[in-house]
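The values are calculated or read from the model by the stated rules, or taken from the named source; none is laboratory data. Computed from a prediction, not measured in an experiment: that's the story for all the values here. Cβ placement follows ideal geometry from the backbone for every residue including glycine, while neighbour counts extend to all protein chains displayed.
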Amino acid sequence: MSSNKKHYIITAVTLGAIAAASGVLIGATNLITKGQIEQNEINKVKQGIAEIFKKEDLKYQGFELNEAGLNEEDYKYVNYLYVVKDANDNDIGCVFKTSGSNMYGKISLIVGYDATSQDFVNLSVVTNEQTYASTLVENYINPLQEGEREVDDVTCGATYGAKLIRDMVHDAEKAAIEYYK
């Protein structure tokens, strides 16, 4: 065997071993962190529901859209529905988990609606991977949460992110009206 062939074989085997070891390492890391990542998202949703309805003693139950009588194909951003009840088991509203992305990154929210009026109550951010995330939070999300900004007023320095959130809120609003009729 020539020394060139031997060199190529050794290089290929070495690179293959590095790739295999990296794959095992990534898989092991995923196994270790997967449960905690899922738990963190559940905690963010629970905390968000409490913030939206401004109560701590709430009960909620999650449903896939089809389980709730909603056709998931009718909604671009809405992924999941949580029915929210107070301590006395009265239906006080619903929260829709929404996810979307644009050229600046992904974002997922939970958007709350009142059970009686089907009006928008508030929203809470689950994940915000937008490039201009801090501008979006400071100039659009925080004022929106505090009632100082309308959902459709998207001029904020991170307009594409604000437009995405606006569209997600409107999609959730459509789902709330459909769910409560």
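Which condition number in (1) closer than 19 Å to Lys46 by Cα; (2) assigned to a loop (DSSP other than H, G, I, E, B) is the one that Cys156 fails?
So the condition that Cys156 fails would be (1).
What tally of residues in segment 73-94 results from selecting those that are surrounded by fewer than 19 Cβ atoms within 10 Å (Cβ to Cβ), within 13 Å of Ala175 (Cα to Cα) and of a type in the set (A, V, I, L, M, F, W, C)?
Looking only at that region, the number is 1.
Which residue pairs have Cβ atoms under 9 Å apart, sit 6 or more places apart or on different chains, and have a first residue in segment 122-137 that is more than 12 Å from Glu51 (Cβ to Cβ) and of a type in the set (Gly, Ala, Ser) and a second that is part of a helix (DSSP H, G or I) and at pLDDT 90 or above?
Ala133/Gly161
Of everything in segment 20-79, what is small (Gly, Ala, Ser) and either in contact with a Leu (Cβ under 6 Å, 6 or more places away or on another chain) or touching a residue at least 40 places away in the same chain (Cβ under 8 Å) (or both)? Give them in sequence order.
Those that are small (Gly, Ala, Ser) and either in contact with a Leu (Cβ under 6 Å, 6 or more places away or on another chain) or touching a residue at least 40 places away in the same chain (Cβ under 8 Å) (or both): Gly48, Ala68, Gly69.
Only one of (1) at pLDDT 90 or above; (2) surrounded by 14 or more Cβ atoms within 10 Å (Cβ to Cβ) is not met by Ala19, so which one is it?
Here Ala19 meets the rest and fails (2).
Of all residues being part of a loop (DSSP other than H, G, I, E, B) and touching a strand residue (DSSP E or B) at 6+ places or on another chain (Cβ under 9 Å) in segment 31-68, which is modelled with the lowest pLDDT? Just the residue, please.
Going through the qualifying residues, I end up with Lys55.
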